[in-house]
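Scroll down for the structure; my scribbles are underneath it.
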C-alpha cells in the first residue's frame, strides 16, 4: 500500500514511519504545516525534516511555501483552543488528502497521532472528512504510546526538537504557563 504520511516535524515522524513500514506500507512523507510561527521556526523544522529524509533516503514531498497568512486567515475568528486546533488540523489534513489523491497514493495518515498533546478524536474526525472529500483512505493509528520512545530516538539522531506545537498561540501558551 502506498501511504502519504503528513509529518508535523522530523521527531514525530520517527515512530509512525517505523510502524507503517512494519505493516508493509510504502511511505512517502509530506511536510505541509502553515501554522508554524515564526518564519525562523518554520524554516528550522523544514530543514530538519529535509535533512532527516535525505540522510535516510526517505521519499518526501514538501510545501516550500510559508503559509502563515493562510493559517491566520482560516483561524482569525477562532483563536482559542480547541476550535483553533480543529481548524489547523483541517487545513493540514485536507492538504495531505488532496496530495495523496492527486499523486496516486492509496491512503494517508499523520504524525499528529503520535503526540499525547494533540486531540486524536478531532484529528480522526477531520482526517476522515478530508479523506471523503479527496476520495482516498485515511489510516487512523494511535501511536501515542510510542511518543517518548520517538523522542528518545530523535534525540539520539540529533534531530531538531521544538518546544511548542507550532503556532504563535501555542508558543504563547507554552511559555506563559
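What follows is calculated from the coordinates using simple rules that are stated; it is not laboratory data. The structure displayed is predicted, hence computed values, not measured ones. Neighbour counts are summed over all protein chains in view; Cβ atoms, including those assigned to glycine, are modelled from backbone coordinates with ideal geometry.
A few points about this structure:
- Rounded, prolate or oblate (a/c below 1.5 giving rounded, otherwise prolate when a/b exceeds b/c) for segment 1-87 by Cα gyration tensor: prolate
- Selected from 101, 59, 109 as most flexible by GNM, with the chain as the system and alpha-carbon contacts under 10 Å: 59
- Taking the Cα atoms of the chain, the ratio Rg/Rh between the radius of gyration and the Kirkwood radius comes to 0.93.
- Inter-part distance where segment 101-177 and segment 1-50 are each reduced to a Cα centre, Å: 9
- Estimated FRET transfer efficiency (residue 54, residue 148; beta-carbon r; R0 35 Å; 0.05): 0.85
- One chain, two ends: residue 155 and residue 18. Fully extended at 0.36 nm per residue, the span grows by 47.7 nm beyond their Cα-Cα distance.
- When DSSP beta bridges are restricted to pairs lying wholly in the chain, around 0% turn out antiparallel.
- Convex hull of Cα atoms in segment 65-155, direction-averaged projection (nm²): 6.9
- Pair residue 133, residue 65: separation of 7 Å Cα→Cβ label points (nm): 1.5
- Listed from fewest to most Cβ neighbours within 10 Å, the set 81, 163 follows the order 163, 81.
- Sorted by Cβ neighbour density within 10 Å, fewest at the top, the residues 106, 142: 142, 106
- Simple label model, 7 Å out from Cα along Cβ direction - residue 1 to residue 83, nm: 3.5
- 52, 117, 175 arranged by Cβ crowding within 10 Å, fewest neighbours leading: 175, 117, 52
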